[in-house]
Every structure is written in structure tokens, then in C-alpha cells.
Amino acid sequence: MGNEKTILCIGAGYVGGPTMAMIALKNPDYKVIVVDINSKRIDAWNSEELPIYEPGLLEVVHNVRDKNLFFSTDVENSIKEAHIIFVSVNTPTKMFGYGEGYAADLQYWEKTARQILKLSDASKIIVEKSTLPVKTAEAMERILNSNEKGIIFDVLSNPEFLAEGTAIKDLEDPDRVLVGSRETESGLRARNKIVQLYSSWIGKEKILTSNVWSTELSKLTANAFLAQRISSINSIAALCEETGANVHEVAHAVGTDSRIGPKFLNASVGFGGSCFKKDIFNLVYLCRHYGLDEVADYWESVVKMNEYQVERFVLKMLKSMFNTIAGKKIALFGFAFKANTGDTRESPAIYVAKKLLNEMANVVITDPKALENAKIELKEFDGNVEYCPDPYEAAKNAHAIAVLTEWECYKSLDYKKIFESMEKPTFIFDGRNTLPHKDLFEIGFNVIPLGMPELSHF
């Protein structure tokens with residue numbers, strides 16, 4: 001029989017680990033178990049070197065680990081014990097068969113559903129935490145409730161809205177929490193239990209409830225809208241470069257409109273991370289499935305603009321450095337897809353590095369948190385890339401620096417010292433527009449930002 005005060009999360013990744021740590025912290029009367037088949041990941045969660053970097057996460061884990069939060073590889077017994085099961089397994093983009101390159105690959109999700117069904121001997125609440133296509137809950141419901149044991153499974157949707165680098169802050173004080181369920185007596189009762197979990201620290205006005213399909217679609221739509229804003233300002237950055245306008249000034253003017261607001265209007269080398277591209281492609285696939293081709297084309301253009309921006313950045317580098325970078329050392333400052341995380345999934349830096357390597361450049365990568373993941377992303381170039389924790393050493397004898405992650409530490413470096421150690425002429429390509437361009441120019445750098453006039457000594 002499942003213990004009503006036991007919560008299980010299947011999947012100990014970027015979502016499952018931090019979310020369950022916060023739920024355990026705020027609900028000390030609950031036992032919270034996080035399981036994963038990856039024993040190395042579980043060992044890391046039980047150590048001082050957590051498998052993911054998030055500011056404040058280690059402190060939260062310290063407060064609850066081995067008290068009411070437990071990390072384990074014992075999936076089977078944990079499923080039997082728990083009454084509430086959050087499913088946070090990997091749902092990558094499908095790379096085979098129908099929907100290749102667009103649809104979500106749900107094989108791990110379905111295996112998990114069947115495992116829950118096999119091992120359960122009492123009714124349970126199942127909560128989708130992974131980002132999934134609309135109507136996925138219905139499929140899981142059909143699998144689980146096909147049993148002959150008389151067990152009832154209520155399947156809810158509770159998508160995450162965590163931004164890597166601020167996940168603990170987002171969990172502590174979220175803009176909103178969505179909980180979707182069937183609007184049946186049983187479904188509403190299950191929904192209320194999940195609402196009560198979050199109500200222990202979040203105001204009821206921030207906990208939004210709906211039917212399960214609206215909740216699933218809200219998650220995809222939110223990420224699509226955020227990515228759309230980035231692609232929109234990046235498209236304007238390209239126009240700014242041709243007209244002499246300054247994208248910072250344009251973004252500020254646009255962002256002061258209360259109907260638009262200033263967030264996600266920073267021109268950059270492009271968006272990355274595990275969610276934006278994947279969720280947009282899920283949306284595109286759904287639209288095509290329902291015959292909404294024009295809608296699908298609209299959202300797919302957001303990803304195409306992102307790809308164009310990354311390609312454009314590399315071409316700017318090549319053109320500025322006299323149309324050849326073969327044999328030239330180029331230091332990449334940052335490899336994570338954003339600051340304050342070690343996550344490199346879909347990072348623009350992956351594409352930039354591969355393009356530079358294919359142009360026969362000598363690439364050295366520095367990043368405070370992401371070097372190990374960078375090595376995995378570029379394993380096909382093993383031996384041809386240098387990884388250096390020290391940005392000063394990375395820039396030594398380099399012809400150019402490309403800033404690809406907006407780490408705060410890069411703003412306070414001694415760029416006069418860096419300039420003196422580099423080959424001349426010296427270039428900085430600011431893919432995040434975060435450095436003091438005029439100061440760098442006065443030191444002697446040729447500064448090539450995005451969406452602003454270049455500062456060149458030629």
C-alpha cells in the first residue's frame with residue numbers, strides 16, 4: 001500500500017532534483033524520494049559535488065537530505081511505497097521514424113508508466129513533470145488504468161517553469177504554479193492534494209488550476225513565446241547593424257512599452273538550453289498533426305531565426321579576421337548556454353566551436369562551470385580543443401576572444417593584461433553584448449558586438 005505521506009520523483013535531473021529538494025524543505029511531514037537508474041548521478045546527489053550546479057541548491061539539499069529527502073536507485077520499492085509519483089524522465093526530440101526531428105521521444109516516459117503499473121498495488125496520483133505534448137496525460141492514463149487490479153490512477157500535469165541559474169529562486173518564489181487534472185470527482189481530489197503541497201509556501205493566488213490539456217499546452221506556449229522574443233530582437237539586431245541603429249537603444253525603447261516589457265529583449269548569439277527548441281518543435285509537430293500548417297510554419301520560423309543568428313555570428317568572425325581563421329587561436333569565453341549553470345544542452349557555443357574547428361582554427365574554451373560538459377559535446381574533436389579554467393591563460397597568444405556566455409566574472413577581468421598577452425591585431429566578438437565596448441576599444445581591441453556599430457582600428 002502506498003503511504004499517503006510519501007512522494008516519489010522518477011528522474012534525478014535538472015528538474016526532479018531541485019524541485020523535490022524544495023518540496024521536502026517546505027513539507028517536512030512528507031518523505032520525499034528521488035530515484036534514477038543512473039547510479040553515478042544518485043551518488044553525486046548524495047555527495048558534496050551535486051550533479052548539477054545551481055546557486056543555493058546545495059544549501060537546500062543539506063537541510064533535508066537523509067532527513068525527509070532521499071536519493072536512491074531502488075526504483076521498484078520506491079514505486080511501491082509512494083502515493084504521489086512525479087514523473088520527470090527525459091523526453092528528447094525524436095530522431096527516428098515518424099516525427100523525426102520534431103516530435104517528443106516518449107519511449108522512456110512509456111516505460112516508466114508501464115513500470116508504475118506493474119509495481120503498484122494501490123491507487124496513486126501520477127504527476128507529469130516532464131515537458132510533454134498535449135494529450136500525453138491521456139495516453140498515460142489509458143496505460144495505467146488498463147489494469148485488472150481495480151487500481152485507479154489519477155494523472156495530473158504540473159509542468160516546471162524553472163530557469164537554469166535561478167532555479168532555487170524560481171522554486172522559492174514562482175510567478176505561478178500550474179496544476180491540471182481531469183475535472184472529475186477523483187481528479188479534483190487529486191489536484192487538491194498537489195495544490196496543498198505547494199500551498200505550504202506559495203500563495204493560493206499563484207497556484208493556477210485547469211484541465212490537464214490546458215496545463216500541458218500552457219508549458220509549450222510559454223517557452224515558445226520566450227524564444228520568440230529572443231528571435232525577434234535578434235532579427236532586429238541584424239537590421240541595426242546595417243542601418244547604424246543600436247539594438248540596446250531600440251530594445252530599451254520597445255521594452256518601456258508596458259504592453260511589451262523589457263524581459264528577453266537582449267540581443268545575443270542565440271538561445272539554447274534543453275527546452276526552447278524542443279518545445280517549439282513539439283508545438284510544430286502538434287500543429288502539423290492537426291493540419292495547422294501555417295501555424296506550424298510560424299513557430300518553426302522562431303528556431304530558424306535562432307539558427308540564422310548563430311550562423312551570422314560565425315560569419316562575422318570570419319569576415320572580420322580577414323576571411324581566414326585557419327591556424328589562429330580563438331578563445332571562447334563561456335560554453336554553458338547561459339550564466340550560472342553548467343548546462344550546455346543546445347548551447348550556441350557548440351555550433352560556434354564546431355564551425356571554427358571546421359575552419360581549422362585552434363579553439364580553446366574557458367568556462368567556470370561547464371568545461372566537463374563541453375568535453376562531452378565536442379568529443380568528436382577530442383585532441384583538437386583545449387579546455388582551460390583560467391580565462392587569462394585561455395586568451396594568451398590568441399588572435400580573438402568570442403564571448404558566448406554572459407558570466408558576471410568576464411566583466412571584471414583585466415582586459416589590458418589580456419590584450420598585452422594576445423596576438424595583434426586583436427579582436428573581441430561579444431556574443432552577449434555584456435562587456436564595456438568603448439573601454440576595450442581604447443585598450444586596443446577591435447570590438448565586434450551584435451546589433452551595434454563595430455569599433456575598429458582599421
### Query
Which shape class, rounded, prolate or oblate, goes with segment 199-319 when its Cα gyration tensor gives a ≥ b ≥ c as root eigenvalues, a/c under 1.5 marks rounded, and past that a/b bigger than b/c marks prolate?
oblate
### Task
Give the residue from GLY273, LEU156, VAL254 lying farthest towards the positive end of the charge dipole for the chain; charges sit on Cβ (+1 for Lys and Arg, -1 for Asp and Glu) and the dipole is referred to the Cα centre.
LEU156
### Task
Loop only per DSSP, at most 11 neighbouring Cβ atoms within 10 Å: give me the trypsin sites (Lys or Arg not before Pro) in segment 218-287, ordered by residue number.
ARG259, LYS263
### Query
Given the alpha-carbon gyration tensor of the chain, what are the semi-axes of its equivalent ellipsoid in whole angstrom, ordered largest first, with each equal to the square root of 5 times an eigenvalue?
43, 24, 20
### Residues in segment 292-322 that a label on ASN211 would reach, taking backbone N under 15 Å of a point 7 Å out along Cα→Cβ
none
### Query
How many angstrom lie between the C-alpha centres of segment 340-392 and segment 393-443?
17
### Task
With a/c under 1.5 counting as rounded, go ahead and sort segment 3-202 into rounded, prolate or oblate using the C-alpha gyration tensor (a ≥ b ≥ c being the square roots of the eigenvalues; past the cut-off, prolate if a/b is larger than b/c, else oblate).
rounded
### Summary
Taking only Cα atoms of segment 299-442, the Rg to Rh ratio with Kirkwood Rh works out at 0.94
### Query
Which of PHE429, PHE153 comes first, and how do the rest follow, when ranked by fewest Cβ neighbours within 10 Å?
PHE153, PHE429
### Task
Could you pull out the pairs from LYS169/LYS354; LYS204/LYS304; LYS193/LYS263; LYS263/LYS316; LYS278/LYS416 whose alpha carbons sit more than 32 Å apart here?
LYS169/LYS354; LYS204/LYS304; LYS193/LYS263; LYS278/LYS416
### Task
Choose one of SER214, LEU25, TYR298: the residue whose Cα lies farthest towards the positive end of the charge dipole of the chain (beta-carbon charges +1 Lys, Arg; -1 Asp, Glu; about the Cα centre).
SER214
### Task
Could you tell me which chymotrypsin sites (Phe, Trp or Tyr not before Pro) in segment 244-340 are loop residues by DSSP with no more than 14 other beta carbons within 10 angstrom of their beta carbon?
TYR290, PHE322
### Task
Determine, for THR93, THR405, the number of other Cβ atoms within 10 Å of each Cβ, and report the residues in order from fewest to most.
THR93, THR405
## Note on the structure
Taking the dipole of the chain about the Cα centre (Lys, Arg +1; Asp, Glu -1; charges at Cβ), the one of LEU69, ILE448, ASN234 that reaches farthest to the positive side is LEU69
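All of the numbers you see were taken from the coordinates with simple rules; none came from a lab. Since the model is a prediction, treat every value here as computed from it, not as a measurement. A quick note on method: Cβ atoms are made from the backbone with ideal geometry, for glycine too, and the neighbour counts reach across all protein chains shown.
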